[in-house]
Amino acid sequence: HEPIGVCGLITPWNWPLMIATWHIAPAIRVGCTVVIKPANNTPLSTLLLVDIFNKVLPSGVLNIITGDIGHKLSSHPNIDKVIFTGSTPIGRVIMKNAASSLKRLTLELGGNDAAIVLPDVDVAEIAQGLFWGAFINNGQTCLAIKRLFVHEDIYDEVCEALTEIASSMPMGNGLDEKNIFGPIQNETQFKRVIELVEEAKEQGARILCGGSPMAGKGFFYPLTLVANTSEGMRLVDEEQFGPVLPIIKYRDVEQAVASANRCEMGLGGSVWSKNIDQAMSIATQIESGSVWINTHGQIQPHIPFGGVKQSGIGVEFGEEGLLEYTRSQALHMPK
């Protein structure tokens, strides 16, 4: 295995420092050089990170560019591989740009993760796990729970438990330490969340808490739980990427699995049950790159992470992820 060459890294606006780190580290570890382009609206932490790294790295190993030039990076003839974390539509553009020179790709794209809650759970025991699985980083996380399927026998109980937690969480200016949640990162995403919730209301969804933008300055949207939702609503079928969780009632687990799999994305999923064997059996039927039992989104650096279907190509982390920054060469020697 040899270093693949020059790696073009394109990172998103959510988790900008963390994702930049997990792109840069394996590339340098195997001996590649790097050109990284952070998202236009969150470049500062990556600029500082690169500056710190370059105090010890040889000149030219790690380079950074900013601005609206991702398309040039992904099509540049001297880039050997592109690693991109971001939306599925942009991933398609990068794939098209890379086709001219057959660049190698690792694409970690959008997710619309489904969590399936079986009727045997202790609701009080799992409520916090469900809540944080959905609302980590204000829902602006590729691996957050975006669709919550709950059995009809415990549907109301789960709705009540999550509403109690969400309603107690302070939201506001992050410089005030009493606040746990802050604003949506940008205006475009803010408007999208509003649009999806308003459309769901018109289609008969019931708002359990939140549901309207907060008054005052900033892109603050309250933690919002939406009941009486179903497939066919954009809030369910599309990735909302914000502090909103649709809760879908189901009767048969086969129905829930089928609904979860009808989505064109397949990044992560989870199954919640006291019966681990049953949960594992259901988990293997979910079409996603990662599935968790009684937790959600707990990625680990030694375990491969990537999506299936339109959630991406290739994996990161683990030995498999490290090898994606290499090319293989077979040497045949006479004896």
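The values are calculated or read from the model by the stated rules, or taken from the named source; none is laboratory data. Everything numeric in this text was worked out from a predicted model, so none of it was measured. A quick note on method: Cβ atoms are made from the backbone with ideal geometry, for glycine too, and the neighbour counts reach across all protein chains shown. Only protein heavy atoms, including side chains, enter the accessible area calculation; ligands, DNA and RNA are left aside. Shrake-Rupley method; radii C 1.70, N 1.55, O 1.52, S 1.80 Å.
Residues that are more than 24 Å from Leu109 (Cβ to Cβ), among the charged types (D, E, K, R) and in a loop (DSSP other than H, G, I, E, B) within segment 240-280 comprise Arg251, Asp252, Lys274, listed in sequence order. Take Val56 and decide whether it is of a type in the set (A, V, I, L, M, F, W, C) and over 24 Å from the mean Cα position of the chain (by Cα). Yes.
Condition first: more than 24 Å from the chain's Cα centre (by Cα) and touching a residue at least 60 places away in the same chain (Cβ under 8 Å). Can you find one or more residues in segment 13-31 that meet it? Yes, because at least one residue in segment 13-31 is more than 24 Å from the chain's Cα centre (by Cα) and touching a residue at least 60 places away in the same chain (Cβ under 8 Å).
Would you tally the residues in segment 64-94 being without any contact (Cβ under 8 Å) to a residue 40 or more places away in the chain and either under 17 Å from Ile36 (Cβ atoms) or part of a strand (DSSP E or B) (or both)? Number of matching residues: 10.
Does segment 290-313 contain at least one residue that is over 20 Å from the mean Cα position of the chain (by Cα) and open to solvent by 10 Å² or more (accessible area, probe 1.4 Å)? No, there is no match, as no residue in segment 290-313 is over 20 Å from the mean Cα position of the chain (by Cα) and open to solvent by 10 Å² or more (accessible area, probe 1.4 Å). All but one of (1) over 30 Å from Pro26 (Cβ atoms); (2) in a loop (DSSP other than H, G, I, E, B) hold for Ile303; which doesn't? All conditions pass for Ile303, except number (1). Between Gly60, Gly91, the distinction of being on the phi > 0 side of the Ramachandran plot and modelled with pLDDT of 95 or more belongs to Gly60 only.
Take the residues of segment 98-125 that are among the polar types (S, T, N, Q) and buried (at least 20 other Cβ atoms within 10 Å of the Cβ): which is farthest from Cys159 (Cα to Cα)?
So the residue we want is Thr106.
Give the residue that is farthest from Cys142 (Cα to Cα), with candidates limited to residues of segment 5-22 that are assigned to a helix (DSSP H, G or I) and open to solvent by less than 20 Å² (accessible area, probe 1.4 Å). So, considering only residues that are assigned to a helix (DSSP H, G or I) and open to solvent by less than 20 Å² (accessible area, probe 1.4 Å), the one farthest from Cys142 (Cα to Cα) is Ala20.
Residues in segment 26-79 that are charged (D, E, K, R) and surrounded by fewer than 19 Cβ atoms within 10 Å (Cβ to Cβ): Arg29, Asp51, Lys55, Asp68, Lys72.
For every residue, the table says whether it meets (1) under 26 Å from Ile126 (Cβ atoms); (2) within 21 Å of the chain's Cα centre (by Cα); (3) free of Cβ contacts under 8 Å to residues at least 12 places away in the same chain.
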residue	(1), (2), (3)
Glu157	yes, no, no
Ser168	yes, no, yes
Asn179	yes, no, yes
Glu199	no, no, no
Val236	yes, yes, no
Gln240	yes, yes, no
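Contact map, segment 250-276: first residue without any contact (Cβ under 8 Å) to a residue 24 or more places away in the chain, second residue surrounded by 13 or more Cβ atoms within 10 Å (Cβ to Cβ) and of a type in the set (A, V, I, L, M), Cβ cut-off under 7 Å, separation 6 or more or different chains; pairs are Ile276/Ile293. Selection within segment 316-327: residues that are in contact with an Asp or Glu (Cβ under 8 Å, 6 or more places away or on another chain) and open to solvent by 40 Å² or more (accessible area, probe 1.4 Å). The member of this set that is nearest to Ala27 (Cα to Cα) is Glu324.
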